[in-house]
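Colleague: After the structure tokens below, expect a handful of questions from me.
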Amino acid sequence: MRLVKSPNDILLAATLLAMAGLLYWQVSKLRVGTILRMGPGYMPTILCGLIALAAVGIIVRSFFFQGDKLHSWPIRPLTFIFLGLLSFGLLVETFGLLVAMPALVVLVSLADRDSSKGEVAALAVAMTLFSAGVFVWALRLPIPLWTAG
Amino acid sequence: MLDAFSNLFAGLSVALQFQNILYCFSGALIGTLIGVLPGLGPVATIAILLPVTFYLPPVAALVMLAGIYYGAQYGGSTTAILVNLPGESSSVVTCLDGYKMARNGRAGPALSIAALSSLFAGVIAVVLMAVFATGLSELTMFFGPAEYFSLMVFGLIAAVILAQGSVLSALAMVFVGLLLSLVGTDVSSGVQRMTFGFFDLSDGIDFVPLAMGLFAVAEILKNLEDPEERVVLKGKIGRLLPSREEFKRCIPSALRGTFIGSFLGLLPGGGPTLGSFAAYTVEKRISKYPQRFGTGVVEGVAGPEAANNASAQTAFVPLLTLGIPSNPTIAMMAGAMLIHGIQPGPEVMTKNPDVFWGLIASMLIGNLMLVIINLPLIGVWVSLLKIPYRLFYPAILVFCCIGAYSVNNNVFDIYVMIFFGIVGYVFMKWKAEPAPLILAFVLGPLIEEHFRRAMLLSLGDPTTFVSRPISLALLVAAIGLILITIAPRLRRQRQDA
């Protein structure tokens, strides 16, 4: 019998502890104050403590309650969704929607193994025309269409 | 009581303005669409559409966004009945008997029972909302900062209890949400908190990209990992109308569902999902033939469908009267109101009566439209279900990027969305749900503010939360909720061991 019954919970707790630590480092220099005169650091400090407390609770629990086996992570969807969204962010103001949108659609489509080239190309064109027509032209959202030149 | 009705009529005259009818119709249509399609819920949709509503008058914007919420309850049942997949989490129980009815060749009657029960519930819920809202707004006289604080604590605890997975993980998500809401400039001291030196964070994390990340991007990552089987029912849907006997059996169920749903919608932490589950349990318990539930009985469709629609509507009452959103979708509505310069709370009724009563009255019109959108056009919605997911998710991501960028015309919000998309997905894999997080995120600043005020009023005495009766009752109820959920779990675990 393994000692840790729910290894995923250990990872969750570790992430929470890291998060609480990182944010506490950010607020540790702020004035905490008293309960009557709460400083800007009062609530954040308490909440960092509560997150850490919950994390410790989750660790303790993982020794007693059976959980799932350690998860495996799907690399392909994570990578391509991340790259697609990131490229839209990087391209939309430097090159405009007409470049950023096809890049987004093509990259995120690669996340699914079943997508075919023709289908993705058609979708990229359709989504670009649709968003340029509806969001920029009809709804007048201030998104640059084409910024080259 | 009489006041409520005359106000409702005044609201109807607002709701019947041409522009508002138009936006009500758009909301109902979009709501049905996203309700039918699994994998896109009202939270993500409202987040995507918020930037578009900047340019609308407040009533039109809220009427449309509300239409999306209750419209999704109609659409969700279509998928539940025809595909055995819940289009929304609130239509999970409709799968049980609705899909079996469809398998027995009674898809048409199942669909029309779902739609008509929803309409029935929707109309009654509007009247109940008018009465509840008038009553609750008088109750707010007794509400000081301590009461508001305790009410929000109760709401968050309820959200923790309703989340899937463990209570402890959900509690951790609440704390994370509260902490994230404090990022940015502190209102009372002007100091920057937790911004990591990013200037873009000095206004705090915007909740639109946060919600998109947690509810759209993370959901897509999850669906890509384990794709769901979609088998649309073959064959014709057939005659829509239920038989006279079925119709008779539905009426009491729909009525019970309406009242259960309306009541559970009012509770902080409540909403359509809770309402539909409770209604199904009640129907099964009081039925003369409980063993037939799950084989396609009409009561199992009518009750939950009435309940989820009723709670989707009454869930607006705590927001409009107390300023407290009770579930993530309503939290998005709170954001929409703030964007339009309306502070959710008791003042909405007095300062913006046209918004308040117009919104409530628009639900009457919206529900009527929804029956027309759903029943005769059912074929259109079924064909939508045949669109493969690989074409559907890039489109959602396109809307998310446009929506996130348009909030402040700042690419930083897109990066915020990416970050929380991945964080949300990872947390979801670890069985920590994002719903408590987003609710806590919206309530965070309010909680800090009311806590601060309560402490100032009581001169720093924390016992003020237990010495004031309403506040004490709310806190006791919150503790009670935790005990009810933890106790049976512990007992079961001990038996397993």
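Colleague: Could you give the nm distance between label points at A:ALA14 and A:GLN66, where each point is 7 Å from its Cα heading toward the beta carbon?
Modeller: Result for the modelled spin labels: 2.4 nm.
Colleague: Just to be sure I follow the rule: in chain B, considering lysines 8 or more places apart or on different chains, how many pairs have Cα atoms under 27 Å apart?
Modeller: Lysine pairs, 8 or more places apart or on different chains, close enough: 14.
Colleague: Calculate the mean, over all residues of peptide B:216-224, of how many other protein chain Cβ atoms lie within 10 angstrom of the residue's Cβ.
Modeller: Whole-number average of other-chain Cβ neighbours for B:216-224 is 3.
Colleague: Then there is this: Over region B:188-333, what is the mean sequence separation of C-alpha contacts under 8 Å (at least six apart), divided by residue count, expressed as relative contact order in percent?
Modeller: 24 percent
Colleague: A further question follows. For a quick check: with amide H placed at 1.01 Å from N, whose amide H comes under 5 Å from B:ARG193's, ignoring anything fewer than 5 positions away on the same chain?
Modeller: The answer is B:GLY184, B:THR185, B:ASP186.
Colleague: Accessible area drop of at least 30 Å² (1.4 Å probe, protein heavy atoms): which residues of region A:109-149 qualify, relative to the chain alone?
Modeller: Buried on complex formation: A:ASP112, A:GLU119, A:LEU123, A:MET127, A:PHE135, A:LEU139, A:LEU141, A:PRO142, A:ILE143.
Colleague: Residue by residue, what Karplus-based ³J(HN,Hα) values in Hz, rounded to whole numbers, does region A:91-98 have, using 6.51, -1.76 and 1.60 with θ = phi - 60° and x for Gly and Pro?
Modeller: Using θ = phi - 60°, the values come out as 8, 5, 8, 7, 10, x, 4, 5 Hz.
Colleague: Rg(Cα) of the protein assembly as shown divided by 2.2 N^0.38 Å?
Modeller: So the protein assembly as shown has a normalised radius of gyration of 0.94.
Colleague: Quick one: what are the phi-derived ³J(HN,Hα) couplings along region B:303-315, Karplus 6.51/-1.76/1.60 with θ = phi - 60°, whole Hz, x for glycine and proline?
Modeller: 3J(HN,Hα) across region B:303-315, in whole Hz: x, x, 5, 5, 5, 5, 5, 4, 6, 4, 7, 5, 4.
Colleague: At 7 Å along Cα-to-Cβ for each site, give me the label-to-label distance between B:SER202 and B:SER89 in nm.
Modeller: 3.7 nm
Colleague: How much net charge surrounds B:THR140 when only the other residues with a Cβ under 12 Å from the Cβ of B:THR140 are counted, with Lys and Arg +1 and Asp and Glu -1?
Modeller: That sum, taken over residues with Cβ under 12 Å, equals -3.
Colleague: While we're here: Taking all protein chains as present, what is the carbon and sulfur share of the accessible area of region A:7-62, in % to the nearest whole number, probe 1.4 Å?
Modeller: Within region A:7-62, the accessible surface is 76 percent carbon and sulfur.
Colleague: In Å², what does the accessible area per residue of chain B work out to with a 1.4 Å probe?
Modeller: Here the residues of chain B average 37 Å² of exposed surface.
Colleague: Starting from the amide H of B:GLY39, placed 1.01 Å from N in the peptide plane, find each other amide H under 5 Å away whose residue is 5 or more places distant or on another chain.
Modeller: none
Colleague: Same structure again: Estimate the FRET efficiency between B:ARG244 and B:ALA10 by the formula 1/(1 + (r/R0)^6), using the beta-carbon distance for r and 30 Å for R0, to the nearest 0.05.
Modeller: Plugging the Cβ-Cβ distance into 1/(1 + (r/R0)^6) gives 0.15.
Colleague: Which value at 222 nm does chain B reach when only helices count, each DSSP H run of 4 or more adding -39,500 (n - 2.57), with the total divided by all residues and rounded to the nearest 500 deg cm²/dmol?
Modeller: -23500 deg cm²/dmol
Colleague: Okay, next question. Compute the distance from the alpha-carbon center of region B:249-300 to that of region B:45-123, in whole Å.
Modeller: 16 Å
Colleague: Next question, about the same structure. Which residues of region A:8-42 bury at least 30 Å² of accessible area once all protein chains are present, versus their chain alone (1.4 Å probe)?
Modeller: Those residues are A:LEU12, A:THR15, A:LEU16, A:MET19, A:LEU23, A:GLN26, A:LEU30, A:ILE35, A:LEU36, A:MET38, A:PRO40.
Colleague: Determine ³J(HN,Hα), in whole Hz, for all residues of region B:243-249 in sequence, where each value follows from phi through the Karplus function 6.51 cos²θ - 1.76 cosθ + 1.60 and θ = phi - 60°; x replaces Gly and Pro.
Modeller: Computed from phi, the couplings for region B:243-249 are 6, 4, 5, 4, 4, 5, 5 Hz.
Colleague: How large is the helix-only mean residue ellipticity at 222 nm for chain A, computed as the sum of -39500 (n - 2.57) over DSSP H runs with n ≥ 4, divided by its residue count, in deg cm²/dmol to the nearest 500?
Modeller: -19500 deg cm²/dmol
The values are calculated or read from the model by the stated rules, or taken from the named source; none is laboratory data. Every value quoted in this text rests on a predicted model; they were computed, and no experiment measured them. Cβ coordinates were reconstructed from backbone atoms using ideal geometry, including for glycine residues, and neighbour counts include every protein chain displayed. The accessibility values were calculated without ligands, DNA or RNA, using every heavy atom of the protein model including side chains. Shrake-Rupley method; radii C 1.70, N 1.55, O 1.52, S 1.80 Å.
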